[in-house]
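The values are calculated or read from the model by the stated rules, or taken from the named source; none is laboratory data. The shown structure was predicted, so the numbers you read here are calculated from the model rather than taken from an experiment. Cβ placement follows ideal geometry from the backbone for every residue including glycine, while neighbour counts extend to all protein chains displayed.
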Amino acid sequence: MSTPNFVEFQNVWLAYNDELLAQNHFAVEDINLQVKQGEFIAIVGPSGCGKSTFMKLTTGLKRPSKGQILVDGQAVTGPLKISGMAFQAPSLLPWRTTLDNVLLPLEIVEPYRSQFKQRKAEFVERARKLLQTVGLGGYEDKYPWQLSGGMQQRASICRALIHEPKMLLLDEPFGALDAFTREELWCILRDLWTEQKFNVILVTHDLRESVFLADTVYVMSKSPGRFVVKREIDLPRPRDLEVTYTPEFTNIVHDLRGHIGAIRQAGAVINQ
């Protein structure tokens, strides 16, 4: 029995406003995509190709100019409640402790918001367990300025997962971190996903990151963004960091880099 699609883009085009639409000037064009239930995908490509725009379309923060997007069998017509998001900047509120930052979505997203007072002890316990899972046990009462960048990003991922979303969207979440911290967080994300099997869409510039984490990597062209390469990562799971030193891993990274290099060159020729 085939796995149902969780995310489906059907011939999606986006222009940022009516004037650009009238000029046929699109930010992303002709996106057709099927993401299976529980699949982890990564999107890579040159800067400005529309990766972040794709994320906004997926979460309903932007509506397509043409085409349709389905998530979990429903047409996306506005911001989704079933998704969690984390960005390159952790954006934790400086006046809230780590624990209170993680609890924030439960205070503002229904149905949790109306239940927050009655179920607060349960929610606090959930947040503590999540923080423990990512190695932040004992830091619940610290403020963001008392945490390292890597710790802040762990807290940000906990905040994105606290309401148990069906889909996690990550926009360059580890880009500002040093290599060791980044690899540590790859493993934390891998373990969370393996345990809970939520859908993940990861936007990244780091090809090693995409190959290590994802089931499928998509390469986007320069603006207007569209998917030009789909690469299924056939490295067995569970993957540990040792796999990143193998020829099989390196070959996939080189192949993807070649595609992005070709896109860059094509862009440079057009601009001459």
Scanning segment 15-52 for residues that are of a type in the set (Asp, Glu) and surrounded by 14 or more Cβ atoms within 10 Å (Cβ to Cβ), the one nearest to Val71 (Cα to Cα) turns out to be Glu39
Test Phe174 against the criterion of being among the aromatic types (Phe, Trp, Tyr) and touching a residue at least 12 places away in the same chain (Cβ under 8 Å), and give yes or no.
yes
Quick one: which of Arg113, Arg159, Arg119 is on the phi < 0 side of the Ramachandran plot and touching a residue at least 24 places away in the same chain (Cβ under 8 Å)?
Arg159
Run His205 past the list (1) at pLDDT below 95; (2) out of contact with any Gly (no Cβ under 8 Å at 6 or more places or on another chain) and report the number of the one that doesn't hold.
(2)
Mind listing whichever residues of segment 1-14 are of a type in the set (S, T, N, Q) and either crowded, with 20+ Cβ neighbours inside 10 Å or assigned to a loop (DSSP other than H, G, I, E, B) (or both)?
Ser2, Thr3
Yes or no: Asp234 out of contact with any strand residue (DSSP E or B) (no Cβ under 6 Å at 6 or more places or on another chain), within 23 Å of Gly261 (Cβ to Cβ) and free of Cβ contacts under 8 Å to residues at least 60 places away in the same chain?
yes
Looking only at segment 135-150, which residues are modelled with pLDDT under 95 and within 25 Å of Met55 (Cβ to Cβ)?
Gly149, Gly150
Would you confirm whether any residue within segment 39-55 is assigned by TED's automatic domain parsing to the domain that holds Ala262, in contact with a strand residue (DSSP E or B) (Cβ under 9 Å, 6 or more places away or on another chain), more than 18 Å from Val203 (Cα to Cα) and among the polar types (S, T, N, Q)?
no
Would you pick out the residues in segment 93-104 that are closer than 14 Å to Leu161 by Cβ, touching a Leu at 6+ places or on another chain (Cβ under 9 Å) and not polar (S, T, N, Q)?
Val102, Leu104
Contact list, first residue from segment 10-23 and free of Cβ contacts under 8 Å to residues at least 40 places away in the same chain, second anywhere and of a type outside the set (A, V, I, L, M) and surrounded by 10 or more Cβ atoms within 10 Å (Cβ to Cβ), beta-carbon distance below 6 Å, six or more apart or interchain, is none
